[in-house]
Amino acid sequence: MRSAILGLFLLAHPVQADEFARLEALRARNPQDAVVLYNLAALHAAAGRRAETLALLEAVSRAPGGLDPGFYRGFFFLRGDPAFEALLTRIRAANPPRVRSRTAFILAERDLQPEGIAFDPVRRTVFAGSFKGKIVQVDAKGTARDFAVVSTPEAPRVVVGLRVDPARRRLWAVVDDPRAFGDPDLGGAALHCYELPGGRLLSRLTGAPRGAFNDVAVAADGRAYATNTSDGSVWRTEPGRTAMTEFLPPGTVPEANGLTFSADGRHLFIAGWHDIVRVDLRSREVLPLAAPDGFQAGSFDGLLWHRGGLVGIQNGVHPGRVVRLRLDRARARITAAEVLERYHPRFNGVTTAALDGDSLLYFANTQSRSFGPDGTPKPGVVLEDIVILCLRLE
């Protein structure tokens, strides 16, 4: 959910000169870095600088990577501008649709505003977290029911990242105060652990005192790790404790989002605004993965380990595309990147993903842009049924 968080952050905080300086320094080192150009454009857009925003997005359209600014709400004020529409046309002509996913499930609860998704391979059940403040369970026949409700009018909460621990029959859920995405000082991040299949709440673990958690992954030893997008830290659970502890300090992975473990449990991979990093679980050494020329590794959501590599949703700098990454034997470098799905006709807010063996399950249309800050649909918006797609990873 990186793009939504960036938008709320920019709306709630004045643009700082040091952030411009930092990005300009990165741009000077690599003028073709499309992620840096994109983020500079977002800062200028937040400051109301139309000409500068368009010039930077023009550079994005001509840089390698196929990044597409058409879905980021910070650029919506440019819609209808001939220069903006022309650069979008150029980007999309150079990167035509690739559509291979099939519909797996349809949820009739149109205002659910889902975010995280998890899959239980034992009972073949899908779980959907939501900005509606609850977790919905979908069985193999497609029947949906409420699994857990975490929000009340007095204490509004949203459910974002989800992950199933099939060995221990647990569902881990990231629960946040939705206001903390715009004002990190509010805090309120927590991690809930539910028993499967019944749904009994086993524990509620207090998270970071500041910021909002985003995604969660479970290590081989059963400890759960969560990313704090607000400050770039990573937190984890400890047996017998009711509060999580800091595993990586603030600033380690700026805008930390999706995370996943290698199959052998040695490495943790975390997606940030610009890079995917590899973390050695024993030494806590952090290594940004080197990427091939022309590929931008920023803004991945729903990152997952699959057959010696990574697969995830790249949505912060794109309307949403599914990308598979091949790694070298040392897991220090991305050797190849392949876009598996892009510009599906049902795409309207693509967030996280879950694995069902060699198939990827993900939301096609969370419709996040159709809701206001209070979580209610915007006036005049016509919502659609929520579609969960399935993509075979060949």
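Here, each number is a calculation from the coordinates, and none is a lab measurement. Quick caveat: nothing in here was measured; it's all calculated off a predicted structure. Glycine gets a Cβ as well: all are built from the backbone with ideal geometry, and neighbour counts include every protein chain shown.
What to note about this one:
- Counting 0.36 nm for each residue step from V122 to D293 and taking away their Cα separation leaves a gain of 57.5 nm.
- Net length gained if the chain between T143 and D358 were fully extended (0.36 nm per residue, minus Cα distance): 75.1 nm
- The chain: C-alpha gyration tensor shape, a/c 1.5 cut-off, then a/b vs b/c: rounded
- With R₀ fixed at 25 Å, the C-beta to C-beta distance from E246 to L201 puts the FRET efficiency at about 0.55.
- Sparse-neighbourhood loop sites, trypsin sites (Lys or Arg not before Pro) in segment 259-360 - DSSP loop, at most 13 other Cβ within 10 angstrom: R282, R284, R307, R329
- Overall form of segment 159-315 per C-alpha gyration tensor (a/c, 1.5; a/b vs b/c): oblate
- Full-stretch length increase - R169, R282 - with 0.36 nm per residue and alpha-carbon distance subtracted: 38.1 nm
- Listed residues F127, F363, F371, most fluctuating in the chain (Gaussian network, C-alpha, under 10 Å): F371
- Taking segment 310-341 and a reference point 7 angstrom along Cα→Cβ of R29, the backbone N atoms nearer than 19 Å belong to 332-334.
- If you run the Gaussian network model on the chain, springs between alpha carbon atoms under 10 Å, then out of P254, P319, P209 the most flexible one is P209.
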